Structure formats: structure tokens, C-alpha cells
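**Q** Sharing a structure here in C-alpha cells format.
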Amino acid sequence: IFNKKKKKKHHPFSCFVMRLTKPTLFTNLPVTCEERDLPGDLFTQLMREDPSTIKGAETLMLGEMLTLPQNFGNIFLGETFSSYISVHNDSNQVVKDILVKADLQTSSQRLNLSASNSAVAELKPECCIDDVIHHEVKEIGTHILVCAVSYTTQYGEKLYFRKFFKFQVLKPLDVKTKFYNAEVSRTRSETDEVFLEAQIQNITTSPMFMEKVSLEPSMMYNVTELNTVICGDEGKSTFGKMSYLQPMDTRQYLYCLKPKPEYAEKAGVIKGVTVIGKLDIVWKTNLGERGRLQTSQLQRMAPGYGDIRLSLEMIPDTVNLEEPFDIICKVTNCSERTMDLVLEMCNTRSIHWCGVSGRQLGKLSPATFLSLPLTLLSSVQGLQSISGLRLTDTFLKRTYEYDDIAQVCVVCPAIPVQAVVIS
């Protein structure tokens, strides 16, 4: 008994896969010296005769010629992967029913990239079948391009072979987000605004032109972009006219989100984890190669207010020392039960409440609110914190304490100067 080794099947085709990328500008390293040095004018003359240099500016590293890619290069997430596939008949026989199929295998799925799934009737010797595929890369990690060729020989035998081309998809940007909750707006009234700070870092080895960085809000929010400065009738970008991001540089973008009126009026809707939206980033590299990246839905943990939320609708910025001033508080029932509330006002070292403490506020149904005007004064100058409010639910005999509600600047009123005439 002899072990017969299986003979490897020889196929009449050669399969070539080439990545299609734009060329790069040719750069050279200029070498110069002073005229009194030993080489004299030799280096300058050589640079003038070099066809890759710019006439009249030979000492610049950037030339006028283009360089074709010397290797496969890097592929980044969000870019479009383009490839040229060529199947060549190397034999002296006519091959029939040739079907070329290109699939892209990722860690999660397999995609068919072939432009046509119909077979070619026949392929004569020294002829080829060409195809160009395009795919927007949406996953990082290992990708495998599988080129499969099936055909029928002149003897009627159906054969099939595959070739695999592996490449890595890298991450071009590092995106970090931070959320800031605004309890009081610029008008010193209560607000549910959320500020989103997006930090975008270029982690590639080449500069990027940031064409667009926008926030697509969810259905609960309206968004205002805070990355422009209004000058007259036009808005100018805070990053200048040329929006370039150098390698390893980081840029910060700021957005303000405000709940839509139909959601802001409902106290229990915006609670817990809420979806804010997603960032849409578009950039260009090298000779205008575009990339696009969309983040997943950004989620924010809404601040917890417990059963009762107490916020300010109106408060002055500056008040006079020992003079009463008014504020308006908003009490919202965030629970799922009706409350019967009693208000108590406790004086602090610097803040003194004016009015009756222990008064009944009445019943407050779930998801409703009431406005509460209050008067107080401060006996100490400087930035003072408003504290000392207590709300008691008589149904459950539960007391809710509210300190450091807001801050107010207390100043000494100006004393008019009277002129004294000395006779």
C-alpha cells in the first residue's frame, strides 16, 4: 500500500487585487551650502536641474510631481475602501462561464461587494475580467477580502478557487464627551439645558481638514451650536478660517441642548438615562479623500431630584445689604402620588427669610408644579448662598431639606456724598 499525495490543482487564472488610492505630493530634501564653501554653487545647480523641484523655489521640500502609493497603506474607519480586481487567463485555452465574486469578511458580517453577479460566457487566452469595488468602512479590526472565481474548462469540468487578502482598519479619531447640567440660565431662571463638550483628537499621522462636526439631537431635544462667534451678520468659526487638525492635536466642540416644550412640561419624562443624539464628523485628508464617522447614540444620566424638585425661576444677580429682595421658586412633584406640602423657612447666619414659616401650600398632584414667590434679605456682604428651605409632606410625614439653592452677590449700597460749604 502506497500513500499517494494529492496533486495540487493548477488553475488557468491569475487573480490580482490592487487598492485604489490617490497619489501624494512628492517631497525632497534640499541640500544647500554657502557660496564660499567647497561645493560652491554645485548643490544649487543640481536642485535647479532636478525635475521634481519647483522652479524658482528649489529649496522647498514640496515639489510639483505626484508619487504613486508604494504600499497598501493604512485604512481608517469612516473612509471608503476602493479596490481593483483583475482575473487574467494565463492559459492557451478558452474558459467558459467565469464568475468572479468579491466578499468582505469582518468580525460581525460578510458583505458582497461585486458590482455584477452574472457570469461571463467565455474568456479567451491573455484576456482578463476587471472589476472595481467600493465600500465605506464601518468597523475597526481585521478585514478579509475574499475573491472567489468559478469557471468551466473546455472539457466541461467545473472548478473553483479562492484568494484571501487581509488588512487592518484603524481608528482615525478619539472622541470623548462630557455633559454639564445647567440649573439656572443666563436670565437667572430655571432651565433644563444640557451642555455637551466633545473632544476630538486626530490619532493618525497626517493632518485632517475638519469639514463638518455637528450634533444630530434626539427627538426630545433642540440643539444650538456654540462653535461660532457672531460678527455682524455673519458667524465666524472659533477655530479660524482654516479648520485643520494636526496629528495628535485635540479640538473641543460645545453644544447646548434644550428639551422641547412638549417634553419639558412633563416632569417625569426626562429622568434616568436619556438619549441625547449622535455626533456626525466629516473630514478630508491628503488630496481631498473624505472620511465620515458617526458615533453611537450618546446617553446622559439625568440628575435625580427625588420626590420633589425645587428650582429657581427668578433671582437677582446683585442685591443691597440689609434690603429685602424677591425670588420665585418652582416646586415640582416628581413622584407618582399626590402630596400635601407645608413650607418652613429657617434663617442662616447671613440669610433671613421674610414671611410666615410653616404655611400650607396645599395639595400637589403628580407631574405638576407651583410657583412660590418668597422675600428675604442678607445681613452679610459678599457672595452668599441661599439656604434654609424645608418642605414637609403631611401625608407621609417626610421632610425635604433644600440648602445651597443658589448664590447671590450682596453689596453695600452707595452712600451719596453731600458737599459741605465752610464759611
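**Q** Sort out which residues of segment 31-49 are modelled with pLDDT of 75 or more and open to solvent by less than 50 Å² (accessible area, probe 1.4 Å), and write them in order of number.
**A** Thr44, Met47
**Q** May I ask you to list the residues in segment 128-153 that are open to solvent by less than 50 Å² (accessible area, probe 1.4 Å) and of a type in the set (Ser, Thr, Tyr)?
**A** Answer for segment 128-153, where residues must be open to solvent by less than 50 Å² (accessible area, probe 1.4 Å) and of a type in the set (Ser, Thr, Tyr): Ser150, Tyr151, Thr152, Thr153.
**Q** If I filter segment 128-146 for residues that are more than 30 Å from Trp283 (Cβ to Cβ), in contact with a Leu (Cβ under 9 Å, 6 or more places away or on another chain), free of Cβ contacts under 8 Å to residues at least 40 places away in the same chain and not assigned by the TED database to the domain that holds Leu196, do I get at least one hit?
**A** No, segment 128-146 contains no residue that is more than 30 Å from Trp283 (Cβ to Cβ), in contact with a Leu (Cβ under 9 Å, 6 or more places away or on another chain), free of Cβ contacts under 8 Å to residues at least 40 places away in the same chain and not assigned by the TED database to the domain that holds Leu196.
**Q** Output the number of the condition that Ala182 fails; it satisfies all remaining conditions of (1) touching a strand residue (DSSP E or B) at 6+ places or on another chain (Cβ under 6 Å); (2) surrounded by 14 or more Cβ atoms within 10 Å (Cβ to Cβ); (3) farther than 30 Å from Phe209 by Cβ.
**A** Checking Ala182 against (1) touching a strand residue (DSSP E or B) at 6+ places or on another chain (Cβ under 6 Å); (2) surrounded by 14 or more Cβ atoms within 10 Å (Cβ to Cβ); (3) farther than 30 Å from Phe209 by Cβ, the one that fails is (1).
**Q** Hey, does segment 92-107 have a residue that's hydroxyl-bearing (Ser, Thr, Tyr), open to solvent by less than 40 Å² (accessible area, probe 1.4 Å) and under 32 Å from the mean Cα position of the chain (by Cα)?
**A** Pass one, segment 92-107, residues hydroxyl-bearing (Ser, Thr, Tyr): 106-107.
Remaining after also requiring open to solvent by less than 40 Å² (accessible area, probe 1.4 Å): 106.
With under 32 Å from the mean Cα position of the chain (by Cα) added as a condition, the list becomes 106.
Yes, segment 92-107 has at least one match.
**Q** Taking into account only those residues within segment 337-374 that are of a type in the set (S, T, N, Q) and without any contact (Cβ under 8 Å) to a residue 24 or more places away in the chain, which is farthest from Asp404 (Cα to Cα)? Give the steps one after another, and end with the answer.
**A** Initial filter on segment 337-374 (of a type in the set (S, T, N, Q)): 338, 347-348, 350, 357, 360, 365, 368, 371.
Then drop every residue that is not without any contact (Cβ under 8 Å) to a residue 24 or more places away in the chain, which leaves 357, 360.
Working: Ser357: 19, Gln360: 23 Å.
Among them, the one singled out is Gln360.
**Q** Checking the condition under 29 Å from Thr205 (Cα atoms), open to solvent by less than 90 Å² (accessible area, probe 1.4 Å), not assigned by the TED database to the domain that holds Glu136 and not small (Gly, Ala, Ser), which residue from Asn74, Asn28 passes? It would help to see each step written out before you state the result.
**A** Working: Asn74 fails: not assigned by the TED database to the domain that holds Glu136.
The match here is Asn28.
**Q** Using beta carbons and a limit of 9 Å, which pairs, at least six apart or on different chains, have the first residue in segment 67-96 and on the phi > 0 side of the Ramachandran plot and the second one outside any strand (DSSP E or B) and of a type in the set (S, T, N, Q)?
**A** Gly73/Thr21
**Q** Quick test for you: out of Thr285, Thr348, pick the one residue that is hydroxyl-bearing (Ser, Thr, Tyr) and surrounded by fewer than 18 Cβ atoms within 10 Å (Cβ to Cβ). If you could, list the steps in order and put the result at the bottom.
**A** Values: Thr285 fails: surrounded by fewer than 18 Cβ atoms within 10 Å (Cβ to Cβ).
So the residue among Thr285, Thr348 that is hydroxyl-bearing (Ser, Thr, Tyr) and surrounded by fewer than 18 Cβ atoms within 10 Å (Cβ to Cβ) is Thr348.
**Q** Pick out the one residue from Ser218, Ser243 that is closer than 16 Å to Asp280 by Cβ, modelled with pLDDT under 85 and either outside the structural domain of Gly277 (by the TED database) or within 16 Å of the chain's Cα centre (by Cα) (or both). Give the derivation first.
**A** On the way: Ser218 fails: modelled with pLDDT under 85.
Of Ser218, Ser243, the one residue that is closer than 16 Å to Asp280 by Cβ, modelled with pLDDT under 85 and either outside the structural domain of Gly277 (by the TED database) or within 16 Å of the chain's Cα centre (by Cα) (or both) is Ser243.
**Q** Give the residues of segment 152-164 that are in contact with a Leu (Cβ under 8 Å, 6 or more places away or on another chain) and at pLDDT below 90, sorted by residue number.
**A** Applying the first criterion (in contact with a Leu (Cβ under 8 Å, 6 or more places away or on another chain)) to segment 152-164 yields 152-153, 164.
Listed by number, the residues that qualify are Thr152, Thr153.
**Q** Which fully enclosed strands (runs of 3 or more DSSP E) of segment 322-423 have 2 or more residues being among the polar types (S, T, N, Q)? Spell out the reasoning first.
**A** Numbers: elements: 325-333, 339-345, 351-354, 359-364, 369-378, 382-386, 389-393, 398-402, 406-411.
Fully inside segment 322-423 and qualifying: 325-333, 369-378, 382-386.
**Q** Can you find a residue in segment 261-278 that is open to solvent by 60 Å² or more (accessible area, probe 1.4 Å), modelled with pLDDT of 80 or more and within 19 Å of Val175 (Cβ to Cβ)?
**A** no
**Q** If you don't mind, there's one more thing I want to ask. Identify all residues within segment 315-345 that are open to solvent by 50 Å² or more (accessible area, probe 1.4 Å) and touching a Lys or Arg at 6+ places or on another chain (Cβ under 7 Å); write none if there are none.
**A** Asp317, Thr338, Glu344
**Q** Conditions: (1) assigned by the TED database to the domain that holds Glu157; (2) open to solvent by less than 90 Å² (accessible area, probe 1.4 Å). Ile54 meets all but one. Number of the miss?
**A** Result: Ile54 passes all but (1).
The values are calculated or read from the model by the stated rules, or taken from the named source; none is laboratory data. Here the structure is a predicted model, which means the values were calculated and not measured. Note: ideal-geometry Cβ built from the backbone for every residue, glycine included; neighbour counts use all protein chains shown. Remember, those area values only see protein heavy atoms, side chains included, never the ligands or the DNA or RNA. Shrake-Rupley method; radii C 1.70, N 1.55, O 1.52, S 1.80 Å.
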